[in-house]
There are 2 protein chains.
Amino acid sequence: MNLPVVPFGKPRGERADAARNREHLLETARDMIAELGVGKVTMDGLAERAGLGKGTVFRRFGTRAGIFVALLDDDEHRFQEQVLSGPPPLGPGADPVQRLIAYGRARTAFLVDHFDIARASLDPHQPTPAGGGTMTRLHIRMLLKQARLDVPDLDSLALQLTAALDGPLLLYMFPTDPGPVSAAGTFIPLADSWQTLIESIVRANRPIDPDQAAERTARP
Amino acid sequence: MNLPVVPFGKPRGERADAARNREHLLETARDMIAELGVGKVTMDGLAERAGLGKGTVFRRFGTRAGIFVALLDDDEHRFQEQVLSGPPPLGPGADPVQRLIAYGRARTAFLVDHFDIARASLDPHQPTPAGGGTMTRLHIRMLLKQARLDVPDLDSLALQLTAALDGPLLLYMFPTDPGPVSAAGTFIPLADSWQTLIESIVRANRPIDPDQAAERTARP
């Protein structure tokens, strides 16, 4: 079975009934996951429960993994909305260092909450897609810049911090058991350690405050 | 074609002629890569050039990707030997912070040098194997501990630094063009940025030297 997978998100110009079907299917899939767990969601089961033809489900998602790609994409959009226009400190308006810490904490929680769905979104017959992390990288880069850190290479640091944030959950814990993740509901150690990492970088690289520097120069 | 892939490294009790064949095949593959590039190495071409039967090559490597898995494994062993018993600062004997920096630089160079081989070692019909990084993680953890940093969670920090080190080359740049990597031969920006990262963590979290602390306490 090698049907083309529908691209992420709502295609432009999606007709109203197709959009309704999509929303209905995603909502039904969420209900099934909540009730039965990720492992029990199948293409046939989803079609039956949604009261739609199997053909509709196959055309929409392509493969079983495609269901979870669509769910993940939908939640990812909601997460990005919170970052772009939600309340501080995750959203705009807070100090950039506080936003960096809040982003790492929220992202860790997001990745933990989506661990099973993310795993199921990987098609076992396809190579794992290259790590995205583009939004995370750009966001981290912007906040590092706003924090006016005196580091030699903001791009590389942003890339390494993106990997430090996403990597432990995306790369190193697949496909092993998440361990403390599922037990505690949130993966506190990684979120705390992210805060330590950011605070260390800030403490070590924060340039002298311009006012203080001026004061210091002014002294005899 | 779904022959089982031979496990990493030299199997225990490998017979002498099998071991010789393996060495000969790896050496021939290295010659072919140096002359023709990774893309031109095929199972048939390797068998012909090595003067061995196709069956021998298939039994040894299973798939074309298996050739590169074996090459990578061989070089990985050599790299680990340098870390475990080579000259300082990569090998034992140097200050742990200097060793952390040297390890990150050497690892970056290793990953850059093996970029094409690592990419070719991914079987396009198999899911990408979970990121290993176990040796890197244990080594970083050991050195962080030796550096006696005052961080709340050494395990999480080691995991995040492993991801920061391996991630940009293993995850985020696959399968896109390596860009500056191939141009410069080494990926200087990431190695420099690794040093900044380690120095920041050390500067921000180095506990007060016990002698200095005693002196300070002794003062009235």
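Summary of computed values
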| quantity | calculated |
| --- | --- |
| Tabulated pairs, the range A:152-169, first on the phi > 0 side of the Ramachandran plot, second modelled with pLDDT of 90 or more and not in a helix (DSSP H, G or I), C-beta under 7 angstrom, 6+ apart or interchain | none |
| Residues located in the range A:52-63, provided they are assigned to a helix (DSSP H, G or I) and surrounded by fewer than 19 Cβ atoms within 10 Å (Cβ to Cβ) | A:Lys54, A:Gly55, A:Thr56, A:Phe58, A:Arg59 |
| Failed item, numbered, when B:Arg99 is tested on (1) over 20 Å from B:Ala120 (Cα atoms); (2) surrounded by fewer than 16 Cβ atoms within 10 Å (Cβ to Cβ); (3) at pLDDT 95 or above | (2) |
| Residue in the range B:93-105 that is in a helix (DSSP H, G or I) and of a type in the set (Gly, Ala, Ser) present | yes |
| Residue check for A:Leu122: at pLDDT 85 or above and not assigned by TED's automatic domain parsing to the domain that holds A:Ala29 | no |
| Test for B:Gly104: is it at positive phi and not assigned by TED's automatic domain parsing to the domain that holds B:Ile33 | no |
| Hits in the range A:77-95 (condition: under 12 Å from A:Ala106 (Cα atoms) and touching a residue at least 24 places away in the same chain (Cβ under 8 Å)) | A:Phe79, A:Gln80, A:Gln82, A:Val83 |
| Filter result (β-branched (Val, Ile, Thr), at pLDDT 85 or above and farther than 15 Å from A:Val202 by Cβ) within the range A:125-156 | A:Thr136 |
| Those residues of the range A:39-51 which are touching a residue at least 12 places away in the same chain (Cβ under 8 Å), surrounded by 19 or more Cβ atoms within 10 Å (Cβ to Cβ) and not in a loop (DSSP other than H, G, I, E, B), in sequence order | A:Leu46, A:Ala50 |
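The values are calculated or read from the model by the stated rules, or taken from the named source; none is laboratory data. This one's a predicted model, so the numbers in the text were calculated from it and none came from an experiment. All Cβ positions, even for glycine, are placed from backbone atoms using ideal geometry, and neighbour counts span all protein chains on display.
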